[in-house]
Amino acid sequence: MIVLTLPDGSTREVPAGTLARDVVGSIGARLLQASYAVAVNGEVLDLMTPLRASGAFVVITDKDPRALGVLRHSGAHILATAVRRLRPDAKIGFGPAIEDGFYYDFEVEKPFTPDDLAAFEAEMKKVIAEKYPFVREEVTLAQARERFVDDPLKLERLDDFEGSDEVISTYTDGPFIDLCRGPHVPDTSYLKHFKLLSIAGAYWRGDVKRQMLQRIYATAFLKKDDLDAHLHRIEESRKRDHRVLGKSLDLFQLFPVAPGAVFWTPKGTTLYNTLEAFVRERQQDAFKEIKTPLLYNKALWEQSGHWGKYRENMFLVLDNETGEHDMSLKPMNCPSHHLYFASHKHSYRDLPMRYVTFDVLHRNELSGALSGLTRVRQFAQDDCHVYLREDQIAAEVQFLMTFILGYYETFGLTARLKFATRPEQRIGSDELWDRAEGALRAALESTGREYEMKEGDGAFYGPKIDFDVTDSIGRAWQLGTIQLDYNAPERFDLTYTGDDNTAHRPVVIHRAVSGSFERFIAILIEHFAGAFPVWLSPEQVRVIPIASDYNEQSEALVQRMKALGIRATLDARNETLNYRIREGEVQKVPYMCVIGRREAEENTVALRIRGAGKKQDILPVDDFLARVTEEIRTRALVPAAPDASTPAETETAS
RNA sequence: GCCACAGUAGCUCAGUGGUAGAGCACCCGAUUCGUAAUCGGGCGGUCAUCGGUUCAAUCCCGAUCUGUGGCUCCA
């Protein structure tokens, strides 16, 4: 007999070998209907599993977040079942549940087409209707090899089990059998709300040197509403895609003759400069900005270690005199800063020394990796290197973290911290890494903030703290970073003079806040759906005279705003008021001032706030100017981004 | 770089083996308007580039470039 303890503390005593579903059924028939799996001592098991151990027993219903993972994994098998029926030649790879759904990888002679996708989805519905049970079997390695004799990818996977005592299990649903650890839902009919999303290429086992498989992405949910909401979310993020908004709001362009390099329009340049000015303002006291060369001899990269580890990502430049590609555009600012620090003597009293640089960087990214503003070949960072004594690390990390988090807060972005440790590809001794990781971790702990671990994800020269920022629709982006570096000081022979009048080795911290301006702007565009707070808006106020009689007053108002530093424009075109209002809304101008007879006579403005519709405030010009000036000065998050359901969002921007 | 898909006017897109069309934008004219598209007229394209098949190619085929979804990588 075994004893199962339910969440309410009650216990059930059943013979060993009783099926999980019978235990669930004995608790309640309705409960059995609503259950997807069970968990015994935290391990998720099929309902068909014979129970052999006593312990905590939890029924996994749709209230349990683990139910969705089980369902999606079963969905992957159902997908493979359908694909195998229509394309018997397809060899199966892996098919896991992922964050938003599931995928399955296939090796096929002829790649799948979008038409295939529709056919597979239809076939899946048949498999679901047939209500095949998922049957688990435990087999020996030899038996498994027998069963998957026609599936080379599975055979390769089975090789990993050689000499291991791990249990090998297979799952069968109707005609399809897969090598799988499980667990699964009881039968195929459990999958009700799903959608196949896309076809993509994926290397077998993620290895560039291996063959390309065809991956089918799909999503599935327990409830129809959840699926609909998810599909709606996909649609929403498509609408706020920075590449789409960048075009309709006229912020930037990309030309085929300059792949991966951004052409900023006047409005985009204003946005960019406003951001940069903000960073400069925040850094004016404790940091020293320097401008440094873009092109360097390879000697610098040999010293920094980039020539060996990073050269394939660098744009090499031909030196006509030597006939060699022994010059390179800089892919990062670090060596420039080290060069400068090393060029003169420093006292321990002057540390920490913080250099910042906004120079243009070039990285030769794979052509297929380029995407809008988020992945480019030419970009700029708000890059900072801090040179400090080892005893200053904790205080400096706290200082930088406060700086970075305060910056994000201005935009209404929240950040999660990740601590990343030594990667496989690295320079420096293990002793040095032990010291660096220990010091950075201690500094991080001293802030009292929560953080996650990212083992093996550090920079090749040191461990780091990454700042993952969550935007307004819940997507995470890695932006800022604090990286501790004991290697560069050695390589560049950096020193400072201590109070004992001898040379000491400083430590270097690499810090970026925005990541890159390009990518940060992409995130801001999507975060605000193009409706920037007034301080960031390229155009802050648009003045619209109702008729040409009021052009003069309107022009005077614009001039007055410009004198106050407000980015104001006049729209006195010979178009209807409705037309011009609509255009201002589509362009997401935060404030529109309508000037007619009443306003001209009373020296007021009829203020239309972006996204607020017909509702308008009539207020004295002076009050309006004071309000806008104050909002800009405080970088207030106003006016709020309009709800995505406003007409401006559903109509095509002109 | 690899796999798949795409490229038609400034933008969004339709279309055909017999050298192209809409809406918006832009220009001109009328209209002087009270909060999301006034009306009329006009301008505008080597159908991404190069090559092939064909009597004939924007359309079929191939290569190249660029973009998109992924893989890999990463700010």
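The values are calculated or read from the model by the stated rules, or taken from the named source; none is laboratory data. Keep in mind it's a predicted model, so treat the numbers as computed, not measured. Please note: Cβ atoms are built from the backbone with ideal geometry, for glycine as well, and neighbour counts cover all protein chains shown. These area figures cover heavy atoms from the full protein model, side chains too; ligands, DNA and RNA do not enter into them. Shrake-Rupley method; radii C 1.70, N 1.55, O 1.52, S 1.80 Å.
Show the residues, 5+ positions off or on another chain, whose built amide H is closer than 5 Å to the amide H of A:Phe134.
A:Asp187, A:Thr188
Quick one: give the max-minus-min coordinate of the C-alpha atoms of the range A:67-230 along each principal axis, largest first, in Å.
That gives 47, 34, 27 Å along the principal axes, largest extent first.
Going toward the positive end of the dipole of the range A:459-501, with +1 on Lys and Arg Cβ and -1 on Asp and Glu Cβ, which of A:Tyr461, A:Trp477, A:Asn487 do you reach last?
With unit charges placed on the Cβ atoms, the residue in question is A:Trp477.
Using Cα positions and a limit of under 20 Å, work out the aspartates and glutamates in reach of A:Lys298, with same-chain residues fewer than 8 apart set aside.
By straight Cα distance, A:Lys298 reaches A:Glu312, A:Asp319, A:Glu321, A:Glu324, A:Asp326, A:Asp359, A:Glu365, A:Glu490, A:Asp493.
Going Cα to Cα from A:Lys192, which aspartates and glutamates come in below 19 Å? Please leave out same-chain ones fewer than 8 positions away.
Straight-distance partners of A:Lys192: A:Asp46, A:Asp62, A:Asp64, A:Glu99, A:Asp100, A:Glu121, A:Glu123, A:Glu130, A:Asp173, A:Asp225, A:Asp226, A:Asp228.
When the label point is put 7 Å from the Cα of A:Glu146 along its Cα-to-beta-carbon vector, which residues of the range A:170-187 have a backbone N closer than 17 Å?
A:170-172, A:177-179
Give me the extension gain from A:Tyr579 to A:Asp115: residue separation times 0.36 nm, minus the current Cα-Cα distance, reported in nm with one decimal. Present the calculation step by step, with values, prior to reporting the outcome.
Values: separation 464, 0.36 × 464 = 167.04 nm, distance 4.23 nm.
Residue separation times 0.36 nm, minus the Cα-Cα distance, leaves 162.8 nm.
Take A:Asp617 and A:Ser343, extend 7 Å from each Cα along the Cα→Cβ direction, and tell me the distance between the two endpoints in nm.
Simple spin-label model gives 5.2 nm for this pair.
Rounded, prolate or oblate: which one fits the range A:367-431, using the alpha carbon gyration tensor with axes a ≥ b ≥ c (rounded when a/c is under 1.5, else prolate when a/b beats b/c, else oblate)?
On the way: a/c = 2.05, a/b = 1.17, b/c = 1.76.
Oblate.
Here are some pairs, A:Lys91/A:Lys195; A:Lys131/A:Lys154; A:Lys63/A:Lys195; A:Lys125/A:Lys223; which of them have Cα atoms lying more than 20 Å apart in this structure? Before the final figure, lay out each step's value.
Numbers: A:Lys91/A:Lys195 22 Å; A:Lys131/A:Lys154 25 Å; A:Lys63/A:Lys195 22 Å; A:Lys125/A:Lys223 16 Å.
Beyond 20 Å: A:Lys91/A:Lys195; A:Lys131/A:Lys154; A:Lys63/A:Lys195.
Report the Cα centroid-to-centroid distance between the range A:437-506 and the range A:234-279 in angstrom, as an integer.
31
What's the whole-number percent of alpha carbon pairs in the range A:343-472 lying beyond 17 angstrom? Display every interim value, and only then the final one.
On the way: 5825 of 8385 pairs.
Beyond 17 Å sits 69 percent of the P(r) for the range A:343-472.
Quick one: order A:Lys209, A:Lys615 from most to least accessible surface, probe 1.4 Å.
Working: A:Lys209 185, A:Lys615 140 Å².
The residues order as A:Lys209, A:Lys615, largest area first.
Using per-residue counts of other Cβ atoms within 10 Å, averaged over each peptide, order A:69-82, A:211-224, A:518-531, A:150-163 from highest down. Before the final figure, lay out the partial values.
Values: A:69-82: 25.7, A:211-224: 19.4, A:518-531: 24.1, A:150-163: 13.8.
Packing proxy ranking, top to bottom: A:69-82, A:518-531, A:211-224, A:150-163.
From the square roots a ≥ b ≥ c of the eigenvalues of the alpha-carbon gyration tensor of the range A:541-650, which class results: rounded (a/c under 1.5), prolate (a/b over b/c), or oblate? Mind dumping the intermediate values first?
Values: a/c = 1.72, a/b = 1.12, b/c = 1.54.
The shape class here is oblate.
Expressed as a whole number of Å, what is the distance separating the alpha-carbon centroids of the range A:582-621 and the range A:305-380?
48
Anything over 27 Å Cα to Cα? Flag those among A:Lys209/A:Lys418; A:Lys209/A:Lys454; A:Lys291/A:Lys464; A:Lys209/A:Lys309, in the order listed.
Details: A:Lys209/A:Lys418 30 Å; A:Lys209/A:Lys454 25 Å; A:Lys291/A:Lys464 25 Å; A:Lys209/A:Lys309 19 Å.
Pairs exceeding the cut-off: A:Lys209/A:Lys418.
Pairs of alpha-carbon atoms within less than 8 angstrom and 6+ residues apart define the contacts here; what relative contact order does chain A have, in percent?
Numbers: 1191 pairs, mean separation 56.2, N = 654.
Relative contact order, chain A: 9 percent.
Of all DSSP beta bridges in the range A:541-650, what percent run antiparallel (nearest 5)?
The antiparallel fraction comes to roughly 55 percent.
Can you bin the range A:459-569 into rounded, prolate or oblate? Criterion: square roots of the alpha carbon gyration tensor eigenvalues sorted a ≥ b ≥ c, rounded for a/c under 1.5, prolate for a/b above b/c, oblate for the rest.
Numbers: a/c = 5.98, a/b = 2.34, b/c = 2.55.
Oblate shape, in that a/c is at least 1.5 and b/c is the bigger or equal ratio.
Along the principal axes of its C-alpha atoms, what lengths does chain A span, in descending order and rounded to whole Å?
Result for chain A: principal-axis Cα extents of 87, 75, 58 Å.
Counting alpha carbon pairs within less than 8 Å and at least 6 residues apart, what relative contact order, in whole percent, applies to the range A:2-61? Present the calculation step by step, with values, prior to reporting the outcome.
Details: 106 pairs, mean separation 25.2, N = 60.
Relative contact order of the range A:2-61: 42 percent.
Take A:Ile234, project a point 7 Å from its Cα along the Cβ direction, then tell me which residues of the range A:179-208 have their backbone nitrogen under 12 Å from it.
Backbone N within reach: A:194-199.
Given Cα pairs under 8 Å that are at least 6 residues apart, what percent is the relative contact order of the range A:67-230?
Values: 297 pairs, mean separation 48.6, N = 164.
Relative contact order here is 30 percent.
Consider a paramagnetic label point 7 Å from the Cα of A:Arg505 along Cα→Cβ; state which residues of the range A:431-449 have an amide N under 16 Å from it.
Residues A:431-440 fall inside that zone.
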